[in-house]
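Working notes for the structure below.
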Amino acid sequence: DSISELDSLYANASPEDASLRKEILTWRSFAHFFNKDYDKSLSDALHTIEHNPGWVRGYVRAARAYTGLGKLQRAQEMMNQASLLLPHSKEIAATQIMLIYLKKIQARVDVYGLQYSLDPNYAKRLISKRSYEPGDEILSDDAILIGCPAVENAGACCEVCMYPTTSSVPVPNTSKTVRLCNSRCEAISKNFLPIEADVGSRGCDYAMQLMLNKASKSADILVIDRARLAVRLFYVAYYRHQKQLGSTVKDVLATYGVFPIPSCELDNKTKDDLEALHAVITSFMTDAERSIYDIELLILTFNYVANYGIPIVSTDAAGTSISGYLIASVGSCVERWDSTAASPLSSSPDRRQSANCQVKLVGPSKVAIIADRIINSGDRLTIVAPRKGRSAD
């Protein structure tokens, strides 16, 4: 693999060739980071800085390793040093802004004995700073950003948080009604339901049906559920930006809580489907608006959903199955563990573990993270990743 190759290159590099050894260590730090082996990534970065104190990339690599370990103050110190060496770098400035934001919201999870970190895709994750027993409630979160029942949902539930309810309220400026469980979910719904139920309704339904037909052939409904939630977040960006035209769309999303934006590699089929979907859901917009609320914005919201969407499964009063996906401000920041690929998920590089918690809906617009097994200080909170197939499977 790439790390073995870099190990060999470093071992064979002449001690006199400081430039080559510096480059190899920098790339090896990068490789360890994307393997989520943050301790080794940091070790290589610090070694590079020790022998090359003017090497900007060494400080950047060290900062990223520190974010993976949840040591945000140390990460900020490294980026500040990088900024002194390269003061006009937009990338360094953007990372500094991101770290300031993370430190600001750290107070939300301090009371629960948790620490924010950033994974290689810039997604917020949670590290435990104390021990938990199976069944312990680690955190409760009533700050739900967005949600959507799954395409296969059959139960009577809230349109935003999927809490069982039969209570219906009118959708503003339309003749339609929708199930909403409380005033908080009603307030959230006003960001997207009027558009979804009126100007975007027929086009959106048509586009989703086309994607559903494709997904049914491959038995992959997960991408449809993500796309439905991504469209809602897209409409939130549109609705709120229309009210704050002096700001950029990304700034508007950041004030809503959508920040930082994770990166995510999409296959060509998904990109093509999203482009077709975008053409339809923006059909009511002017050309000027479509240039602002472009395909990149839909891909951005899709990536956000892919990184933070939490599957919700329950039953309504009649015992009918409820399923859907939502994004909560803190509760969605658990790491996804893929059972088909082992990966180190704790602070000890040699330990390997499966998912250690669940995120459950515990009340109207309220989720909780519950420990499934013993969680030690330094462990990252992980849930089982949604699998391709049926809704919220």
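The values are calculated or read from the model by the stated rules, or taken from the named source; none is laboratory data. Because the structure is a prediction, the values reported are computed rather than measured. Neighbour counts are summed over all protein chains in view; Cβ atoms, including those assigned to glycine, are modelled from backbone coordinates with ideal geometry. We work out accessible area using only protein heavy atoms, side chains counted, and drop any ligands, DNA or RNA first. Shrake-Rupley method; radii C 1.70, N 1.55, O 1.52, S 1.80 Å.
Brief remarks on what is shown
- Checking each residue in the range 51-99 for being touching a residue at least 40 places away in the same chain (Cβ under 8 Å), of a type in the set (Gly, Ala, Ser) and not in a loop (DSSP other than H, G, I, E, B) picks out only 68.
- Scope the range 5-21; condition loosely packed, with under 11 Cβ neighbours inside 10 Å and outside any helix (DSSP H, G or I); matching residues: 14, 15, 16
- From the options 138, 144, residue that is of a type in the set (A, V, I, L, M), within 20 Å of the chain's Cα centre (by Cα), within 29 Å of residue 381 (Cα to Cα) and modelled with pLDDT of 95 or more: 138
- The set of residues in the range 5-26 that are out of contact with any Lys or Arg (no Cβ under 8 Å at 6 or more places or on another chain) and within 16 Å of residue 63 (Cβ to Cβ) contains only 25.
- Leading residue by the ranking (farthest from residue 34 (Cα to Cα)) among those in the range 269-297 that are assigned to a helix (DSSP H, G or I) and among the small types (Gly, Ala, Ser): 288
- Selection of the range 23-82 for residues being surrounded by fewer than 24 Cβ atoms within 10 Å (Cβ to Cβ) and of a type in the set (Asp, Glu) yields 23, 37, 39, 50, 77.
- Residues satisfying the stated conditions in the range 141-185, i.e. open to solvent by 10 Å² or more (accessible area, probe 1.4 Å), closer than 21 Å to residue 304 by Cβ and small (Gly, Ala, Ser): 143
- Odd one out for residue 89 among (1) within 23 Å of residue 261 (Cβ to Cβ); (2) open to solvent by 30 Å² or more (accessible area, probe 1.4 Å): (2)
- Residue match in the range 256-268 (condition: exposed (fewer than 12 other Cβ atoms within 10 Å of the Cβ), assigned to a helix (DSSP H, G or I) and without any contact (Cβ under 8 Å) to a residue 12 or more places away in the chain): yes
- Boolean, residue 294 is of a type in the set (Asp, Glu) and within 16 Å of residue 242 (Cβ to Cβ): yes
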